[in-house]
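Undergrad: Take this structure, written in structure tokens, and hold onto it; I'll ask about it next.
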């Protein structure tokens, strides 16, 4: 997600926080870190056993390796906005969380080794780049545990799954072989590589969520 989009999202988050504060309801703001990156989260508790949380998180993971049969420099670029409803158990720190994410997660792959692939020379293939995206809107389901000290400072633990959906892979080369008209045999090879990457990325349709948050309640 671009910088202007992130600034707009943070502005909306700040506005919602201000509205909650003016409404004189139990609310909090905190920071989170976990498998979806690092971010901010605001909470508002309109009912004794339910609260609503909104937040944003992002992070870039380097994960170089072999995908689809080739070696790539890989970055998992994680970027989300989300809202969850959280249902608490009486006399227990445990809760059930369900929500929806605006999912900007992307996996970016680059192969700049100019290696020969089959009968095609590397200097004519050039740099191979691939982008994998998922559903823009993704449901979330999980459990959580909230611990509060003196009614103000809290520690939150979340365990769940973000259902990102099937991956969509694009693959391009910047060498002469990628220029129109593309050799049909070379295009078949590119399509096969894109499919192989898509098969590998299918493992991330269900993204495991583990996060730890620190919150201050007003």
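The values are calculated or read from the model by the stated rules, or taken from the named source; none is laboratory data. Here the structure is a predicted model, which is why all the values come from computation and not from measurement. Cβ sites come from the backbone with ideal geometry, for glycine too, and all protein chains shown count toward neighbours.
Undergrad: As an exercise: evaluate residue 146 against (1) more than 15 Å from residue 72 (Cβ to Cβ); (2) part of a loop (DSSP other than H, G, I, E, B); (3) free of Cβ contacts under 8 Å to residues at least 60 places away in the same chain and give the number of the one condition it does not meet.
TA: Unmet condition: (2).
Undergrad: Here are some residues: 144, 178, 154, 160. Which one is over 30 Å from residue 70 (Cα atoms), surrounded by 14 or more Cβ atoms within 10 Å (Cβ to Cβ), modelled with pLDDT under 95 and touching a strand residue (DSSP E or B) at 6+ places or on another chain (Cβ under 8 Å)?
TA: That would be 154, the only listed residue that is over 30 Å from residue 70 (Cα atoms), surrounded by 14 or more Cβ atoms within 10 Å (Cβ to Cβ), modelled with pLDDT under 95 and touching a strand residue (DSSP E or B) at 6+ places or on another chain (Cβ under 8 Å).
Undergrad: Continuing with this model, one more query. State all residues of segment 163-175 that are loosely packed, with under 14 Cβ neighbours inside 10 Å and either part of a strand (DSSP E or B) or within 21 Å of the chain's Cα centre (by Cα) (or both); if no residue qualifies, say none.
TA: If the condition is that a residue be loosely packed, with under 14 Cβ neighbours inside 10 Å and either part of a strand (DSSP E or B) or within 21 Å of the chain's Cα centre (by Cα) (or both), then 166, 168, 170, 172 are the ones that fit.
Undergrad: Being part of a strand (DSSP E or B), within 25 Å of the chain's Cα centre (by Cα) and free of Cβ contacts under 8 Å to residues at least 40 places away in the same chain is the requirement here; does residue 97 meet it? Before you say what the answer is, go through the steps one by one.
TA: Working: part of a strand (DSSP E or B): yes; within 25 Å of the chain's Cα centre (by Cα): yes; free of Cβ contacts under 8 Å to residues at least 40 places away in the same chain: no.
No, not satisfied.
Undergrad: Hey, does segment 72-89 have a residue that's modelled with pLDDT under 90, more than 15 Å from the chain's Cα centre (by Cα), under 27 Å from residue 145 (Cα atoms) and surrounded by fewer than 20 Cβ atoms within 10 Å (Cβ to Cβ)?
TA: Step one: list which residues in segment 72-89 are modelled with pLDDT under 90, which gives none.
Scanning segment 72-89 turns up no residue that is modelled with pLDDT under 90, more than 15 Å from the chain's Cα centre (by Cα), under 27 Å from residue 145 (Cα atoms) and surrounded by fewer than 20 Cβ atoms within 10 Å (Cβ to Cβ).
Undergrad: Quick one: residue 87 ticks every box in (1) touching a residue at least 40 places away in the same chain (Cβ under 8 Å); (2) more than 23 Å from residue 74 (Cα to Cα); (3) outside any loop (DSSP other than H, G, I, E, B) except a single one, so which number is it?
TA: (1)
Undergrad: Something else now. So, of the residues in segment 59-71 that are in contact with a helix residue (DSSP H, G or I) (Cβ under 8 Å, 6 or more places away or on another chain) and surrounded by fewer than 18 Cβ atoms within 10 Å (Cβ to Cβ), which turns out to be modelled with the lowest pLDDT?
TA: 69
Undergrad: While we're here: Can you name the residue in segment 25-38 that is surrounded by 20 or more Cβ atoms within 10 Å (Cβ to Cβ) and at pLDDT below 95 and, of all such residues, is farthest from the chain's Cα centre (by Cα)?
TA: 27
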